[in-house]
Amino acid sequence: MSKPTEKEIPLGQRKSADQFSVNEDELASSSTPGKSTPSHTHRTLESRHINLIAIGGSIGTGLFITIGSSGLVKAGPLGLLLAYTLWTVVILMLTVSVGEMVCYLPMDSPFLNMTGRVVDPALEAAASINFWLMQSLYIPFEITAVNGMIHFWRSDYSPAITIVVCIVIYAAINVFAVRAYGESEFWLSLGKLILCIGLLFFTLITMCGGNPQKDAFGFRNWHAAGGPIAEYISKGPGGRMNGFMAGIVSACFTVVSSEYLAMTAGEAKNPRKNLSSAFKTVLYRLAIFFVGGALSVSILIAYNDPHYLALTSESSNAAASPYVVAMQNMGIKVLPSIVNVVILTSAFSAGNSYTYCSSRTLYALSKKGLVPRFFSYCTKSGVPIYCVAVSCCFSLLSLMQLGSSGQKVLNFMVSLCTGSQLLNYFIMGITYLHFYRACNAQGIDRTQFTYTSWFQPYTGIAATFFIGVMVLCLGYTVFIPGYWAVNSFLFNYVMIFVTLAVYAGWKIFAKTKYIKPEDADLTSGLEEIEEHEYHFYAEMEAHNKVETRWSRIVNWIL
């Protein structure tokens, strides 16, 4: 049987790719008597799984909650739309750059492993620690958001009740029912997708008069006093510039890149084709979800709406969704509670997922020697119990809400996560530029890749430049006279110091060297990928399996 033809790239010289992430199957297999633990993840994810995981990862609490409190209120309707459009273009440029690199060598944690191959192992260590901290910091953020959304119905209780209940459930699931969350995440991601699309249609219908008040309000909220770009911190053009920058900062948290899609590379079937198809459709996803979301929020509610301002003030314990408040303003019954329940469920689910990802990332770090080896210890059921304990300790940060308002703590968590996320993207950009340079130095023809990104290296340079600028400008308001605050400075910039400390420490400890482009490892693992593709196409040929037009349509939609 002949091997089906595919675009060819150079074969690998070594037979094992560097490994970073560890999936649940590997951990579970360690508990099976007489069965050795696999040395690699299994390629079991279909195209539809990859696409839904990418969508589920990109739609988060930020798109439903903080887009209003951190973006619309400070930036105004036009400021929010311009900011989200600009940042979506930046993230799109980063996504297509990373996509080329991932589709060339789809291994576990590709953008982290590639950093150690083409830049410096010390930078890989810093990027890995930063990625783990980012996953861990999202846990208290989601718990705080869950508690805030419960205040939609009642507030006559201590936040400690919700927080402790969430922490206990997260710990129980990750210790005793690890397998239970996997299937639920698939359906919850589908639920978030349906909710997001539903809210877009809700905006279109209600703005045209399809609401209990029969009011075709159109773009009326764009004409609120002081708009369409809000004045923030100061008055006049300077204040509007600050408003626009506040919108950019909000977009930096909400608009995510390809890391969730890229992290599936080591477990995807026929990865070079399926991942290529996923990256090719990322443009309309980013545009619909993020630009469409910003436009919808700006249409549905005025940036100076008194009710919404009260709910999103730093003295409030509520985490209000602008969509829910808009529904209440229109006199819509029942639907606000339904939407709030779905958003609350998504936030709770996200917190559980981050607990799982954080613990498994720490486990993988210990296997690579980046953290103490005792974190590699697993229970008989294959659970890295010490890693789960550390993740639960991060969730305790949500208890800060007991000494402050829920909205204030939510803002602190957003600043921490945004700083870590921007650093992650900046390192991804640096990695791609080194990958591009290494391909040229080693004579690898990029036009033969299954996915080739646009206008390189200028696309990668532009994305890396703008992201680098935002890393420095994230907390710029603390440098405005009269606005200095130690806690704001730390929450916005502490991750820079942590990453630099890890890089310098690993550089000294491991005595790593900067990798020259001609010495970069661009081949290890390619032979295994081509072998997988051979068996994949051979199996399809043997069973007369063909991709139908309907399946292609479904994959394109997802």
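Here are the numbers for this structure:
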item: Heavy-atom accessible area per residue - region 279-375, 1.4 Å, Å²; result: 34
item: Distance violations [Cα-Cα > 23 Å] among Lys280/Lys368; Lys74/Lys408; Lys74/Lys280; result: Lys280/Lys368; Lys74/Lys280
item: Alpha-carbon centroids, region 335-359 and region 418-465: separation in whole Å; result: 33
item: Accessible area of region 444-501 belonging to carbon and sulfur atoms, whole % at 1.4 Å probe; result: 77
item: Candidate residues Trp87, Trp506: accessible-area rank, largest first, probe 1.4 Å; result: Trp506, Trp87
item: Solvent-accessible ranking of Val334, Val502, largest area first, probe 1.4 Å; result: Val334, Val502
item: Separation in nanometres of the label points that stand 7 Å from Cα toward Cβ, at Tyr284 and Val168; result: 4.7
item: Two-site label geometry, Leu396 and Tyr483: point separation in nm, points 7 Å out along Cα→Cβ; result: 3.4
item: Amide N proximity, region 341-377 versus Ala389 label position 7 Å along Cα-to-Cβ, cut-off under 15 Å; result: 359, 363, 372-377
item: Heavy atoms of Asp521 accessible to a 1.4 Å probe, total area in Å² rounded to 10; result: 30
item: Within the accessible area of region 127-180 (1.4 Å probe), percent carbon and sulfur; result: 73
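The values are calculated or read from the model by the stated rules, or taken from the named source; none is laboratory data. Computed from a predicted model, the values in this text were never measured in an experiment. Methodologically, a virtual Cβ is constructed for each residue, glycine included, from the backbone with ideal geometry; neighbour enumeration extends over all protein chains shown. Heads up: the accessible areas ignore ligands, DNA and RNA and are worked out on the full protein's heavy atoms, side chains in. Shrake-Rupley method; radii C 1.70, N 1.55, O 1.52, S 1.80 Å.
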